[in-house]
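To start, the structure itself, in structure tokens.
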Amino acid sequence: MEKRYIPKLDITVSPLGFGVMRLPMENGRIKEETKRSIPIAMDAGINYYDTAYSYLSGLSEIFIREELVKRYKRDAFYIADKMPVWTCFSYGDFERIFNEQLERLGVEYIDLYLFHAINRSRWDSIHKIGAIDFFEKKKKEGRIRRAGFSFHDDSDVLCSVLDAYDWDFVQLQLNYYDWTAINAKANYDLAVKRDLPCIVMNPAGGGRLTKLPDKAVELLKDAAPNSSVSSWAMRFTASLESVAVTLSGMRNETDLLDNISTFENFVSLSKKESEIIDQAVKIIRSYASIPCTSCEYCLGECPKKINIPYILQLYNDYQMFGASSGISDNHLSFLPEGKRAKDCINCGKCSEKCPQSIDIPKQLKMIHRAAIGHAFWEDREYITKYLSNAKSPLVCFGASSLGVKVKDIFAENGYAIDYFCDNSAKLWGTTISGVPVISPAQAKEINASVVITSSYYAEIKKQLEDMGVCLING
């Protein structure tokens, strides 16, 4: 791919950067097949490799040493690495961690070095203990060639950080959705004003812009049938004049090859294509979503070891794809007891680490309600009040694991359901968890009071309303 010379950095770099942060792992190790990615990337001309002290449980830097540093000439690539500022409480911490990083990487110097995930409180903290002095010292020693920081806060904070030092570059979260949704454009404009090259992180919103609603996918595919949905996100950032490198946390060979095809013969977005992206954003905005980028900073803080990014993504998928996302089944089937959304103890440690400032405990409670029956938990007070006076049989429509879960919740609150109901004729006449399963027609015949306990909530609600069945969580 055609490389770009960046005068401020005095480097010639590939416009696509390899983010070594999302490689698949198994049993605490990076999967063996991922080693093929580096030769493919190098052959394609990718010469920018981004890592951090904390990525892949500390294995990311070692992966770069083994698969890149030991196999290629040092001047054939650039390494970007980051200081985990949230673990730094003294100047000595900077020195200790940096030396460990050099050892992990197997290098004498780091091309581009960043303070990682800077926000207001982190900047105030590290500034007091000599962050700028550390950069100056390491640059004089030749251990750091270019100094920057990755940033997660508003433009007022960015302005104060930029004013504190003569930075070489800045790494920003930019993508076509956040451009206006969280005013990422304001941060980019500040960098442009200071003539600072931008390294882009999360160009696809941590994967959100690869999983768009059907209407948005159709819009993009109609405009470019042979291009992937994610290629639009990559081209958006790479078309910005002050963007030096667009990073992609490529999980597999398929992601890598798709990105290479986008950048091999790169074409900036046309005015028409920019208008199409604006239309796609309007479609996406019509679906409520949580701005999680799956950075996983929250994971190390959760005392319950809840897989927060996975759960937030389940809800985003549900909001975009509806019942087909299987939020209930995925939440109940793939997450172990004790590590689900409901197990959050509201300590708030996750939110303190979240670059997007998401109120994670609040969102987990909301997702729990969605996963166990959509409006069921939200309407609990109304439902229990209704049931205290109801004389008709109580029926849970949806005889799946979700239905059993809601049955157990009823039992915990002193109510026993009389029947399950399901659209699957194979289940009629059987029992599940000791409860008989009946057909929708039978539910109408017995004048049942129905609670929907299925991920196909909208479809079943319409079905029951058309039948004239009494629905108590509609």
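Residue 12 falls short on exactly one of the conditions (1) surrounded by fewer than 13 Cβ atoms within 10 Å (Cβ to Cβ); (2) modelled with pLDDT of 95 or more; (3) part of a helix (DSSP H, G or I), and that condition is (3).
For residues that are surrounded by fewer than 21 Cβ atoms within 10 Å (Cβ to Cβ) and in contact with a strand residue (DSSP E or B) (Cβ under 6 Å, 6 or more places away or on another chain), scanning just the range 57-96, find the one that is nearest to residue 25 (Cα to Cα). Among those that are surrounded by fewer than 21 Cβ atoms within 10 Å (Cβ to Cβ) and in contact with a strand residue (DSSP E or B) (Cβ under 6 Å, 6 or more places away or on another chain), it is 59. Sub-8 Å Cβ pairs linking a first residue in the range 27-48 that is closer than 12 Å to residue 260 by Cα and β-branched (Val, Ile, Thr) to a second residue that is at pLDDT 95 or above and not in a helix (DSSP H, G or I), at least 6 apart or interchain, are 46/14; 46/16; 46/17; 46/18, ordered by first then second residue. Provide a single number: the residues in the range 47-62 that are in contact with a helix residue (DSSP H, G or I) (Cβ under 8 Å, 6 or more places away or on another chain), modelled with pLDDT of 95 or more and within 22 Å of residue 204 (Cβ to Cβ). Residues meeting the conditions: 4. Residues that are assigned by TED's automatic domain parsing to the domain that holds residue 148 and of a type in the set (Lys, Arg) number at least 1 in the following helices (runs of 4 or more DSSP H) confined to the range 172-225: 184-193, 214-223.
Would you say residue 110 is closer than 21 Å to residue 18 by Cα, free of Cβ contacts under 8 Å to residues at least 60 places away in the same chain and touching a helix residue (DSSP H, G or I) at 6+ places or on another chain (Cβ under 6 Å)? Spell out how you get there, then give the answer.
Numbers: closer than 21 Å to residue 18 by Cα: yes; free of Cβ contacts under 8 Å to residues at least 60 places away in the same chain: yes; touching a helix residue (DSSP H, G or I) at 6+ places or on another chain (Cβ under 6 Å): no.
No: the conditions fail for residue 110.
Within the range 25-49, the set of residues being assigned to a loop (DSSP other than H, G, I, E, B) and surrounded by 14 or more Cβ atoms within 10 Å (Cβ to Cβ) comprises 45, 46, 47. Taking the conditions (1) among the polar types (S, T, N, Q); (2) surrounded by 22 or more Cβ atoms within 10 Å (Cβ to Cβ); (3) in contact with a Pro (Cβ under 8 Å, 6 or more places away or on another chain) in turn, residue 54 satisfies each one other than (2). Against the test of being crowded, with 20+ Cβ neighbours inside 10 Å, at pLDDT below 95 and either under 15 Å from residue 281 (Cα atoms) or in contact with a helix residue (DSSP H, G or I) (Cβ under 7 Å, 6 or more places away or on another chain) (or both), the options 235, 208 yield a single qualifying residue, 208. Taken over the range 21-46, residues that are touching a strand residue (DSSP E or B) at 6+ places or on another chain (Cβ under 6 Å) and modelled with pLDDT of 95 or more amount to 2. Filtered by the rule that a residue be surrounded by fewer than 20 Cβ atoms within 10 Å (Cβ to Cβ) and under 26 Å from residue 66 (Cα atoms), the range 112-144 gives 138, 139, 141, 142, 143. Those residues that are small (Gly, Ala, Ser) and either in a helix (DSSP H, G or I) or over 17 Å from residue 208 (Cα atoms) (or both), I need them from the range 228-264; list them, please. Matches in the range 228-264: 230, 231, 233, 238, 239, 242, 244, 261.
The values are calculated or read from the model by the stated rules, or taken from the named source; none is laboratory data. What you see is a predicted model; the values in this text were computed from it and never measured. Here the Cβ is made from the backbone with ideal geometry for all residues, glycine too, and neighbour counts use every protein chain on show.
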